[in-house]
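In what follows, a single structure is set out as C-alpha cells and then discussed.
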Amino acid sequence: MDSAPRIRILPPDTAKRIAAGEVIERPASVLRELLDNALDAGASVIEADLEGGGIASLRVTDDGRGMGPEDLALSILPHATSKIAELDDLLTARTLGFRGEALASVAAVARLSILSAERDGVPHLLTSVPGSPASVEPAAGRPGTTVRVRGLFDSYPARKLFLKRPATESALCRQALVDKAIPFPSTAFRLFTEGALSLFLPPAGPAERVASVYAPDAPAGLVSEVALSGPGFEGRTVIGDPALARTDRRHSQVFVNRRRVAEYSLLQALDWAFSPVLPGGQHPFAFLFLDIDPALVDFNIHPAKREVRFRDIEPVRKAVVRAVREALSDRIRLAGLRDREDVPERSLWEVRETPGLRDYPPRAPGTDPGALPGGTAEPEGRAGWDRVADLAAGARRAREAESGAEARGGGSAPAGGPSPATDGGPGFRYLGSALGVFLVYEEDGALWLLDQHAAHERLIFDRLVARPSTVQELLVPLVLEPDSDMEEVWLAASVETLKEAGYILERTGSDWLVTGLPAGLGNGDASAVLELLRSRPSPDALLREAHATTACRAAVKDGDELDRAAAVELIARARELPEPRCPHGRPVRLRFGKDELYRLVKRII
C-alpha cells in the first residue's frame, strides 16, 4: 500500500514570508533596502524616521526620480526591478539593488504604503497589507518617494520574538544609515528617532564625511584621502593618524562599488599597510572605497549583498598597500608642532624635509653614529649603543661616583652647586626619569615624556636599515627544527635575506643551526630569534621584521636607569627622528601643553 507523499508545495503566502526572511531580518534590513532604492533613484536628500526602533513605524523620504502609477503597482511584486532586464545585465549593473526582492519581502511581513511622483507627474499612493491585494490611488504629494513600513512582523510572530529592544533596533538602524551615507558623501542624510533629529550629515567630501561620523572630535588634518588605481579599478582610502587606531576593526571598513562588504583579505591589506606605524593588536583608521568593473566582481552570492567575490583580488591588495604606504612614508605624525612658536601652523600629517642620520646632533669624532655617552668603548666595528650592558655600566659608575662624593663631603652637593634638573641640550631642559620608563623634559613651554625603550629602539632600527648589520658568531649555535615542509621551504628561500640582516643559518641534516646573530644579541635572545623565524614573514617584510626584532632586543629596557648624559643625548636624537615611532608603531614621545595641564588641575575651565 502506497504511503501519502511527504513532499508538498507551500502556499504562496507562506513561501513569500520564508523568502522574505532571507532579506528582511529586522528594521535595519528594511531601512538598508529602502535607502538603496532612494540612492538608485538619484536622491540628493534622504530622511529616515523611526518609531519604536523601526518596529512600530519606519519611514524613508527622498527627492529622487519617483514612480508613476504603473511602476508603483509593479514595485512590490516578486522579482520586480528596474535595474536589470536579463542575466547578462548582472555583468554591468552598478546600482545598489538589482534582485527585485526588497519591496516584495517588506510587503510580505508588514503594512506598507508608498507615496511617489515623478518630476512632472501626478502623485499616487500604494497601500499594501500582508495577505491582501495592494491598491494604488491618486494622492497629494511632492516629487520623489516616501515609503512607510508599519507593524513589522505583526503577521509573523515567530520572527518578531527575535527582535531586540527598540533602543537596540534603533542603534542598528542608525548604523545601517551610516553604512549608506559614508560612500555617498554628496547626499544629505537625516535620521529622526521618535520625532527628534538624531543624526544630520550634510553634503561633504569623502574624508569630511568619514571624520564627521567616526572621528568628530579629532583635530583638523588627522584624516586625509589617498588615491589608488589598477587594472579595471580605481578608488581611494580615507586614512587617519595612527593615534586614531583601535583594538577592534570598527574603524577599518571596505566599500566595493559603494556597498559595505565583509572582505577580510582587504581588511588585512589595510592592517599590513599600517603595520610599520601601529603596535601589534591595533587596527588602523582606514576606509577603503573601491570602484571596480562589475564584470570583475560578483555580488549575487548573498541576499543582502554583504559579500562579494573577486575574479582576482591580488592586484587590488597590492594597490591598497602601495598607496597607503607611500602616503605614510611622506608624512609625520608628531603631536604638538602647531603649538610651538618657532613652527608655523601646519597639519599633523604635513610633509616636511626629514633629517638623515648624518644630521643628528654632533658627537665626538670617531664615535659610533648611534652611541650614547656613558658606555665603555667597544671594539672597532661594533655599535656602542647596541649593548644595554654598556648603558647600565655607565649608570652604575655615575651612581657610585655620586655616592662617593656624598661620603667624602658628608652629604649631598652644596646648595650653590649645579642643579641636576637644569641639565639639558639645545632647545630643551631635562628634568629627570619617571616610573622607570619615561625621560621627562621641558621644551617650548610644554612637558614631554620620552619612552626610552621606544626611542632607543627606533634609533637602532634606523641605523640597521642604513647600513649592514655586524655579525657575531655564537659559541653554541641555536638549533632550529622545522615544524613542517612549508617551514623548511621558507627557511631555504630566506637564508640570504636573513644573512643580510645579521642572522646566519646553516643546514645540518634535517635541522638548521643559527650560528650567527646581529651584534648586540646573544643566546639569551633565542626566543625572539626563533619567534621571528617561525612567524615566516613575507619576503618583502622579512628584512624589516628582522631589523625590528634586533632593535627591540638590543634597546635599553624599561627600568634600566640611564646616566644623565646618556638620557640627554637620547632625548636630543629622538627629537630629530624622521619617524617618531618605534618599528612596532608605538609613539616615541608625548607632549602635554601648558593649557592641557592647566585644564587637568582646573586652572582653566
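Every number here is computed from the coordinates shown, using simple stated rules; none is lab data. Treat the numbers as computed from the prediction; the structure is a model and nothing was measured. Cβ: placed from backbone, ideal geometry, glycine included. Neighbour counts: every protein chain shown.
Here r is the Cβ-Cβ distance between ALA493 and LEU590 and R0 is 51 Å; the resulting FRET efficiency, rounded to 0.05, is 0.80. Sorting VAL226, VAL471 from the fewest to the most surrounding beta carbons within 10 angstrom yields VAL471, VAL226. Site pair ALA196 and VAL476 shows an inter-label distance of 7.0 nm when each label is modelled 7 Å from Cα along Cα→Cβ.
Using only Cα positions of segment 206-329, each an equal point scatterer, no hydration layer, compute I(q)/I(0) via Debye at q = 0.11, 0.19 Å⁻¹ and quote the log10 values to two decimals. At q = 0.11, 0.19 Å⁻¹ the computed log10 ratios are -0.35, -1.02. Taking other C-beta atoms within 10 angstrom as a stand-in for reagent exposure, PHE428, PHE184, PHE285 fall in the order PHE428, PHE184, PHE285, fewest first.
Separation of segment 252-269 and segment 146-218 by C-alpha centroid, Å? What the calculation gives is 20 Å, centre to centre.
Annotation: segment 112-174 has a Kirkwood hydrodynamic radius of 13.8 angstrom, from the mean reciprocal C-alpha pair distance. Pairs over the 32 Å Cα-Cα cut-off, from the set LYS318/LYS594; LYS180/LYS318; LYS160/LYS180: LYS318/LYS594.
The peptide list 32-41, 215-224, 141-150, put in order of mean Cβ contacts within 10 Å with the highest first, becomes 32-41, 141-150, 215-224. Each of ALA158 and ASP485 was given a label point 7 Å from its Cα along the Cα-to-Cβ line. The distance between the two points is 5.0 nm. Per-peptide packing, taken as the mean over residues of other Cβ atoms within 10 Å, places 568-579, 308-319 in the sequence 568-579, 308-319 from highest down. Could you calculate the FRET efficiency of ALA434 with ALA140 from 1/(1 + (r/R0)^6), where r is the beta carbon distance between them and R0 is 56 Å, rounded to 0.05? That gives a FRET efficiency of 0.20. Round to the nearest 0.05 the FRET efficiency obtained for TYR264 and ASP217 when R0 = 22 Å and r is the Cβ-Cβ distance. The computed FRET efficiency comes out at 0.15. Taking each residue as 0.36 nm, the span from LYS318 to ALA167 lengthens on full extension beyond its C-alpha to C-alpha distance by 50.2 nm. Near VAL471, the amide H atoms lying under 5 Å from its own belong to ALA519; only residues 5 or more places off or on other chains count, and H is placed 1.01 Å from N. How much of the calculated P(r) for segment 238-302 lies past 19 Å, in percent of all Cα pairs? Here the tail beyond 19 Å accounts for 32 percent of pairs.
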